[in-house]
Amino acid sequence: MQDSNSSARLGDVAVLGIGHTGEAVCRYLAGLDGRVSSVTLFGGAASREGALTRELCGLGVRCVVGTEEVEGSFDLAIASPGIPTSSAFFRAAAACAAEVIGEPEFAWRESPKDWVGITGTNGKTTTTALATALLREGGLAAEAVGNIGTIITSRIAHREPGSWFVAELSSFQLATTRLLHPRVACLLNVTPDHVEWHGGMEAYARAKENVFARLGAGDLAVVSDGDGWCRAAIGRLDARGLRVCRVDVRRDPGTPCAAFVRDGRLVVRLDGAERTLAPVADLLIKGEHNEENALVASAVALELGVAEEDVCRGLRAFSPLEHRIEPCGEVAGVRFVNDSKATNTDSVEKALTAFRPGSVAVLLGGYDKGTDLASLARAVAARCRVAVCFGAAGERIARALEDEASSSGSALEVVRAPHMREAFSAACGRVRAGDVVLLSPACSSFDEFHNMEERGELFKRLAAERVAAGGLR
């Protein structure tokens, strides 16, 4: 196991939330003999007694369920992601605890060596997975953790000396960090998402920028130059005198540390030393946004000592992740692509750059988050031949697309369907050889599905049925 702060006494600890994060934290705390006086789990209003609470009680954890009222006195409270800092639950804990932090912050305090932190509205998971793969290709021990699906605290006891935690960090998780200090910190983009949870766009962007809060002179910040929020962050990092690798797929930023595309190849420059990497055409992950993800991951790997040839080999071998511009079959010259992870408009706009303009039948819709649709409508009208709009947000999206197509003179065909299954059939009836049926919904899935994975799985089953039948009808 890697060195941790094993001597620090934690005292009485409260854990907020009974989900996977709360469970993992409780199990870890229960194993810290002598460092913890007591562990109390406050499950939240919807929590109930069951097999999990009985098991945790057996480990010495006191479980309080069915309420968000927090009572007692605690040295530390650890909040699960998704509990807003403005909520009554969080405020109740803050009134009873000396400090309230999130799970990644707690994990870092327990095992603070060798971290990479990756955040952004879109692309976090792909970049985290790719950076981990490149580190491993270079012979380093590395594990993808955090928002990617592996709770960091659950891996501390298994961590080997010298291994790297490559942590995908959400805005929820970063909002409650205090001391977290990665060796390399990355910000991919900042576009509107989870604004209601944070109480405004400025607070959302501020949470993202928290990934840089503790960086020092020997660390590296890797930041996209692609939006105003990121450019503002770069200015603040420059003012602190930090090393900043600017990422721009369209041009060389001209700075000592930069990552960009030149003559169709990925290029990373660190402290003036330039490495020309694999051609963009060799990447299995497609689209301008994935070129940016590859540049960020490459900068991370090169900064941490991975050889240029190992980075190139890893870039060529990395395949698309499930539900992220994932190819899932072809029939009659028509390809099916599952991008169910695209739960906001910006991610859809980026996904569309992976395909030839005019060849896409895109499926849009789901739970309506009330997002502004102007930019999405322009991108869809410019790049798609067909848009099938479904679900709770379908009608609003369809109207926005029709208005844009009318004003811009686009030939986009807008189709309405009640649910995703009917939307898939409608798209199949309107495509021809060389086209793509793309699920990239721009919405969360909760009107029809439990999560975006379930939505993506249905799309893949429907595609597999068409492939097996040998036709689109």
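With respect to the conditions (1) over 24 Å from the mean Cα position of the chain (by Cα); (2) modelled with pLDDT of 95 or more; (3) open to solvent by 10 Å² or more (accessible area, probe 1.4 Å), Pro357 falls short on a single one, namely (2). From the residues in segment 35-64 that are over 27 Å from Arg109 (Cβ atoms) and of a type in the set (A, V, I, L, M, F, W, C), which one is least open to solvent (accessible area, probe 1.4 Å)? The qualifying residue least open to solvent (accessible area, probe 1.4 Å) is Ala45. Considering segment 340-354, the residues that are open to solvent by 10 Å² or more (accessible area, probe 1.4 Å) and of a type outside the set (A, V, I, L, M, F, W, C) include one that is farthest from Ala382 (Cα to Cα), namely Lys341.
Scanning segment 7-18 for residues that are open to solvent by 40 Å² or more (accessible area, probe 1.4 Å) and either without any contact (Cβ under 8 Å) to a residue 60 or more places away in the chain or part of a loop (DSSP other than H, G, I, E, B) (or both) yields Ser7, Ala8, Arg9, Ile18. The residues of segment 345-389 that are of a type in the set (A, V, I, L, M) and part of a loop (DSSP other than H, G, I, E, B), listed by number, are Ala354, Leu373.
The condition of being under 21 Å from the mean Cα position of the chain (by Cα) and open to solvent by 20 Å² or more (accessible area, probe 1.4 Å) holds for only one of Gly272, Gly287, Gly226, that being Gly226.
Close contacts from segment 358-382, counting a first residue that is under 17 Å from Thr191 (Cα atoms) and polar (S, T, N, Q) and a second that is open to solvent by less than 40 Å² (accessible area, probe 1.4 Å) and in a loop (DSSP other than H, G, I, E, B), with Cβ to Cβ under 9 Å and a gap of 6+ residues or different chains, come to Thr371/Asp193; Thr371/Asn344; Thr371/Ala393; Thr371/Ala442; Thr371/Cys443. Here Val190 clears all of (1) open to solvent by less than 50 Å² (accessible area, probe 1.4 Å); (2) more than 28 Å from Leu376 (Cα to Cα) except the condition numbered (2). Each residue in segment 124-167 was checked for being under 13 Å from the mean Cα position of the chain (by Cα) and open to solvent by 50 Å² or more (accessible area, probe 1.4 Å), and 3 of them qualify.
One residue alone among Glu448, Glu454 is in contact with a His (Cβ under 7 Å, 6 or more places away or on another chain), over 14 Å from Val337 (Cα atoms) and charged (D, E, K, R), and that residue is Glu448.
Ala107 passes every criterion in (1) out of contact with any Ser or Thr (no Cβ under 6 Å at 6 or more places or on another chain); (2) closer than 20 Å to Leu32 by Cα; (3) modelled with pLDDT of 95 or more apart from (1). Across segment 50-64, the number of residues qualifying as more than 13 Å from Leu29 (Cα to Cα) and part of a strand (DSSP E or B) comes to 2. Listed here are the helices (runs of 4 or more DSSP H) enclosed by segment 390-473 that have at least 3 residues being among the basic types (Lys, Arg), crowded, with 21+ Cβ neighbours inside 10 Å and touching a residue at least 40 places away in the same chain (Cβ under 8 Å), and there are none. Taking the listed residues Glu330, Glu308, the one that is surrounded by fewer than 20 Cβ atoms within 10 Å (Cβ to Cβ), under 23 Å from Leu472 (Cα atoms), out of contact with any Pro (no Cβ under 7 Å at 6 or more places or on another chain) and in contact (Cβ under 8 Å) with a residue 12 or more places away in the chain is Glu330, with no other qualifying. You will find that of Arg275, Arg316, the residue that is assigned to a strand (DSSP E or B) and at pLDDT 95 or above is Arg275 and no other. Please name all residue pairs, on different chains or six or more residues apart, with Cβ atoms under 6 Å, provided the first residue is in segment 226-237 and is in contact (Cβ under 8 Å) with a residue 12 or more places away in the chain and of a type in the set (Phe, Trp, Tyr) and the second residue is open to solvent by less than 10 Å² (accessible area, probe 1.4 Å) and in a loop (DSSP other than H, G, I, E, B). Within 6 Å, the pairs are Trp229/Val190.
The values are calculated or read from the model by the stated rules, or taken from the named source; none is laboratory data. Treat the numbers as computed from the prediction; the structure is a model and nothing was measured. In this analysis, Cβ positions are derived from the backbone assuming ideal geometry, glycine residues included, and neighbour counts consider all displayed protein chains. Only protein heavy atoms, including side chains, enter the accessible area calculation; ligands, DNA and RNA are left aside. Shrake-Rupley method; radii C 1.70, N 1.55, O 1.52, S 1.80 Å.
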